[in-house]
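A short worksheet on the structure shown next.
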Amino acid sequence: MSLPSHVRLVEVGPRDGLQNEAQPISVSDKVQLVDALSAAGLSYIEVGSFVSPKWVPQMAGSAEVFAQIQRKPGVTYGALAPNLRGFEDALAAGVKEIAVFAAASEAFSQRNINCSISESLERFVPIMPRPKNTG
């Protein structure tokens, strides 16, 4: 068996781990979590998602979290964005690596980004040329 020469671990706790919590989590608690993960030596942290808080309430305040975290050299602080608005909001918040995403099921897509899978893929069209233009 051939093993890869390297593996990239992506810590998604501040985004995926918190988005299903029933109780609101403050921006300051999210900042503390991200800073602790940075201090622990993680090199890639998915900090948040730029989605409507109406659909994913725990992701409210992602821009504020990005503004307050203590960025360490060599650490990538990424975010998710399901559409052009989220992409632009992430850029405005200083996010350097943005993942666009689609859901694997219609129910998940409707519940999380309020559209069908097909509609979500169409939302990628205006985003795809942007990374070349924005660096």
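The values are calculated or read from the model by the stated rules, or taken from the named source; none is laboratory data. Owing to the predicted nature of the structure, the values given are computational and were not obtained by experimental measurement. Because the Cβ atoms are built from the backbone with ideal geometry, glycine has one as well, and the counts that use them run over all protein chains shown. When the accessible area is computed, the model is the full protein with side chains, heavy atoms only, and any ligands, DNA or RNA have been set aside. Shrake-Rupley method; radii C 1.70, N 1.55, O 1.52, S 1.80 Å.
Give me the 1.4 Å probe accessible area per residue for the stretch 1-123, excluding ligands and nucleic acids, in Å².
For the stretch 1-123, the per-residue accessible area is 57 Å².
Hey, any idea what % of the chain's accessible area is carbon plus sulfur with a 1.4 Å probe?
Values: 4400 of 8020 Å².
That share works out to 55 percent.
Evaluated at 25 °C with a viscosity of 0.890 mPa s, what Stokes-Einstein diffusion coefficient in µm²/s does the chain have when Rh comes from the Kirkwood expression over alpha-carbon pairs?
Details: Rh = 15.6 Å.
So the translational diffusion coefficient is about 157 µm²/s.
Need one number for the stretch 20-93: average projected area of the convex hull over its C-alpha atoms, nm². Present the calculation step by step, with values, prior to reporting the outcome.
Details: hull surface 19.5 nm².
Averaged projected area of the stretch 20-93's Cα convex hull equals 4.9 nm².
Once you put a point 7 Å from the Cα of Asp16 and another 7 Å from the Cα of Asp35, both along the Cβ direction, what distance in nm separates them?
Computed distance between label sites Asp16 and Asp35 equals 2.6 nm.
Taking 0.36 nm per residue of separation and subtracting the Cα-Cα distance, what length does fully extending Arg85 through Glu119 add?
Details: separation 34, 0.36 × 34 = 12.24 nm, distance 1.47 nm.
Roughly 10.8 nm would be gained on extension.
Using the structure shown, list the pairs from Lys30/Lys132; Lys72/Lys96; Lys96/Lys132 with a Cα-Cα distance above 20 Å, or answer none. Please list the in-between numbers first.
Details: Lys30/Lys132 30 Å; Lys72/Lys96 13 Å; Lys96/Lys132 12 Å.
Exceeds cut-off: Lys30/Lys132.
Nearest 0.05, what FRET efficiency do Trp55 and Arg8 give at R0 = 30 Å with Cβ-Cβ as r?
Values: r = 28 Å, r/R0 = 0.95.
The formula returns an efficiency of 0.60 here.
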